[in-house]
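A.B. asks: There's a structure below that I have some questions on.
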Amino acid sequence: METELFLAGTEDHDLRRISEYREVGGYAALEKARALTPQQVLDEITGATLRGRGGAGFPMGRKASLLAKDTGKPIYLVVNADESEPGAFKDRDVMGLTPHRLLEGCLITAHGIESTAVFIYIRGEYEHEFEVLRDALEEVLAADLLGGVSIVVHRGAGAYICGEETALLESLEGNRGQPRPRPPFPPVNGLYGAPTQINNVSTIALVPKIVELGAEAFSKIGAPSAPGTAVFSLSGCIARPGNYERPLGTTLRELIYDVGGGVADGRELKAIIPGGSSVPVLTPDQVDTPMDYDSIGAAGSFFGSAALIVIDERVCMVQLALRAAQFYMHESCGRCTPCRVGTRWLVQLLQKIEEGEGEERDLDLLESVCDRMLGKSLCALGDFAVYPVSSYLRKYRSDFEAHLGGAGCPFHESPIEGIVAPVSQHSGHPEVAHV
Amino acid sequence: MATTPFYNRVQKLRSRYPERRSAVLPALQLAQEEHGGWLPPEALREVADALDETPGYVLSIASFYDMLNLEPVGRHLVEVCTNLSCALAGAQAVLDAFAGELGVEPGGTAEDGLATLRAIECAGGCGRAPVVVVDGVYREPVHPEDVPEIVGELRGD
């Protein structure tokens, strides 16, 4: 039996119902936490080395320690449920299958940071999960468990950028979802200018288990540098795609072959995108890398949202780069010039190469555009647009070179050839139409 | 100002937040529902009036988000994810099948107004790709051979 923290009990219980959640020990951790002082609750979270499951892996306890004290303003807890990273669908199951675990985590965290106002910002497309969460919240209200805390579930309306924490705050305040310059950081100046703790759904949903098991027992699960489990989202060219909960530190090989059944249709593995479309690609010789923040970082990529996209031998890396670049072009909020303009240049150059009109110097230009974008924008989206393009170009340069000098795309079996991206619906420029 | 049922519902939304402007997005979502799936100029004015904002401000918000429509849509909305994982699973063939069955290019609305067809970015269903979202409800996975039946369902509504 695999260690389950997020999904424990889902196999034989409908954990959307509070009665069944209580059967597996639900809300006992809340009772236990409320008998502790706020500082004791935070000490448990800090002692467990709970690292953020949203992407950056920042320790939740340390984040809470940065909250400004005695400002005379309320302290807010904001849950980032705007999961939109291509390849990621873990939070969708965490909310859809175990909404009470998230709500219990919210209430325990609120006690720990002495907040009475919680906002859950859920992406607009997750209508079903929104309804599940809303119904669960009504049960919590009826069971009189809120203890003076208000929880508002706020729906987004289709914007990847709102997963970026300061863009999320702007959107929640009723503004356009454009990132803020930092500092000040949200723990000092967040929602409505007040100290704000922001965590991902999957981070908060682990909090009840930490209180239940205790920091010491929790920190023995998974990788020592990053205890606990993650819900890994497997997709792409893989035999058994889906969400699977495993300890951090499980290797890519175990995830792809043992858990996911290997590359679909017995094809050869060509590339692994370990953390969602925004992270640098890994090559098959890196398949024994453990999936935890530090190991994946040492391998030159990011843990991201634990979203593995498996790429098989048929796939053209130029097409893949182009489709990823189109996404980031579509989702750039337009505030910073390197991101707004750079994403368009990436798309135009990749389009040119894919169509066989590129020359060697276009590859150099592509590299140069990547260099000029990296680290130049207010938020990470400008970097996210670069990582796929620059890493595919560096590690699969022969794919790019095979397109040059009028040759065009030699990957006739590539399953994504000709894919239409939303940018082609919105753009007035036919030259940035589709792959 | 006369209070309409819409105005009153927006006041209720507004009361959930410490600051009124936070209710702009929920109010726009409500207005879109009440106006047949899009936001005509009068819908923007109603939202602005209910929240003491200007229609210009409300438009600046509405234009930022993909799920808010500033042009009329068909009676149904068919959205096909074409991001990486869905693309790898054959999303283009699904999009083509809908285009053929509905007689409309992606981004357009069928002449009889039955449906608007769109390619969309990652919907978060990568493990059950290709994902199609019909009127907000996820269908996963959808293959080209499933398309005539789905369009038939829409016609039968």
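None of the figures in this text is laboratory data; all of them are computed from the coordinates on show. These numbers were taken from a predicted model, which means no experiment stands behind them. Cβ placement follows ideal geometry from the backbone for every residue including glycine, while neighbour counts extend to all protein chains displayed.
A.B. asks: Take the Cβ-Cβ distance between A:ARG134 and A:ASP43 as r, set R0 to 56 Å, and report the resulting FRET efficiency rounded to the nearest 0.05.
C.D. replies: Efficiency at R0 = 56 Å is approximately 0.95.
A.B. asks: Between A:ASP265 and B:ASP135, what is the label-point separation in nm under the 7 Å Cα-to-beta-carbon projection?
C.D. replies: Each label point lies 7 Å from its Cα, and together they span 3.5 nm.
A.B. asks: Okay, moving on. Quick check on packing: order A:159-168, B:24-33, A:372-381 by the mean number of other C-beta atoms within 10 Å, highest mean leading.
C.D. replies: A:159-168, B:24-33, A:372-381
A.B. asks: Give the average, rounded to an integer, of partner chain Cβ atoms located within 10 angstrom of each Cβ in B:12-21.
C.D. replies: For peptide B:12-21, the averaged partner shielding equals 3.
A.B. asks: Which order do the peptides A:138-148, A:246-256 come out in when sorted by mean C-beta neighbours inside 10 angstrom, highest first?
C.D. replies: A:246-256, A:138-148
A.B. asks: Please give the net charge around B:ARG21, taking every other residue with its beta carbon less than 11 angstrom from that of B:ARG21, where Lys and Arg add +1 and Asp and Glu add -1.
C.D. replies: Surrounding charge for B:ARG21 is -3.
A.B. asks: Please work out whether segment A:150-193 counts as rounded, prolate or oblate from its C-alpha gyration tensor, where a ≥ b ≥ c are the square roots of the eigenvalues and a/c under 1.5 means rounded, while otherwise a/b larger than b/c means prolate and anything else oblate?
C.D. replies: Because a/c hits 1.5 or more and a/b fails to exceed b/c, segment A:150-193 counts as oblate.
A.B. asks: Given a cut-off of 30 Å, name the pairs among A:LYS63/A:LYS209; A:LYS376/B:LYS12; A:LYS209/B:LYS12; A:LYS63/A:LYS270; A:LYS270/A:LYS352 whose C-alpha atoms lie farther apart than that in the structure shown.
C.D. replies: Long pairs (Cα-Cα over 30 Å): A:LYS376/B:LYS12; A:LYS209/B:LYS12; A:LYS63/A:LYS270.
A.B. asks: Please state the charge dipole magnitude for chain A, taken about the Cα centre, from unit charges on C-beta atoms (+1 on K and R, -1 on D and E), reported in debye and rounded to the nearest 20.
C.D. replies: Roughly 1240 debye for chain A.
A.B. asks: So, by mean Cβ neighbours within 10 angstrom, what's the order for A:406-415, A:320-329, A:389-398, A:281-290 with the highest one leading?
C.D. replies: Averaged packing, sorted descending, gives the order A:320-329, A:389-398, A:281-290, A:406-415.
A.B. asks: Under a point-charge model restricted to the Cβ atoms of Lys and Arg (+1) and Asp and Glu (-1), what is the dipole moment magnitude of segment B:5-62 relative to its Cα centre, in debye to the nearest 20?
C.D. replies: Computed about the Cα centre, the dipole is about 240 debye.
A.B. asks: Say R0 is 35 Å: what FRET efficiency, to the nearest 0.05, do A:VAL341 and A:ARG34 get from their beta-carbon distance?
C.D. replies: 0.10
A.B. asks: How would B:HIS35, A:HIS128 line up from fewest to most surrounding beta-carbon atoms within 10 angstrom?
C.D. replies: If I rank by nearby Cβ atoms, fewest first, I get A:HIS128, B:HIS35.
A.B. asks: Run through all the Cα pairs of segment B:1-119 and give the fraction in each 5 Å bin from 0, expressed as whole percent.
C.D. replies: 2, 11, 19, 17, 14, 11, 11, 8, 5, 1, 0
A.B. asks: Here's something else I'd like to know. Modelling each spin label as a point 7 Å along the Cα-to-Cβ direction, I'd like the A:ARG182/B:GLU145 distance in nm, to one decimal.
C.D. replies: Placing both labels 7 Å along Cα→Cβ, they lie 4.9 nm apart.
A.B. asks: If you bin every alpha carbon distance in chain A into 20 Å steps from zero, what whole percent lands in each bin?
C.D. replies: Calculated P(r), rounded to whole percents: 26, 55, 18, 1.
A.B. asks: Note down the net charge around A:LEU36, summing +1 for each Lys or Arg and -1 for each Asp or Glu among other residues with Cβ under 11 Å from its Cβ.
C.D. replies: Summing Lys and Arg as +1 and Asp and Glu as -1 gives -1.
A.B. asks: Within 10 Å of each Cβ in peptide A:110-118, how many partner chain Cβ atoms are there on average? Round it to a whole number, please.
C.D. replies: 0
A.B. asks: What whole-number distance in Å separates the alpha-carbon centres of segment A:328-401 and segment B:98-123?
C.D. replies: That distance is 30 Å.
A.B. asks: Over all residues in A:148-161, what is the mean tally of Cβ atoms on other chains that come within 10 Å of each residue's Cβ?
C.D. replies: Counting other chains' Cβ atoms within 10 Å and averaging over A:148-161 gives 4.
A.B. asks: Shifting gears a bit: Gap in Å between the Cα centre of segment B:1-64 and the Cα centre of segment A:129-183?
C.D. replies: Segment A:129-183 and segment B:1-64 have Cα centres spaced 18 Å from each other.
A.B. asks: If r is the Cβ-Cβ distance from B:THR4 to B:THR54 and R0 is 30 Å, what FRET efficiency results, to the nearest 0.05?
C.D. replies: Result of the calculation: an efficiency of 0.95.
A.B. asks: Test of understanding: what is the full-extension gain from A:ASP288 to A:VAL152, defined as 0.36 nm times their sequence separation minus their Cα-Cα distance?
C.D. replies: 44.7 nm
A.B. asks: Still on this structure, please answer the following. So for the pair A:ALA239, B:GLU111, with labels modelled 7 Å out along Cα→Cβ, what separation do we get in nm?
C.D. replies: Placing both labels 7 Å beyond Cα along the Cβ direction yields 4.9 nm.
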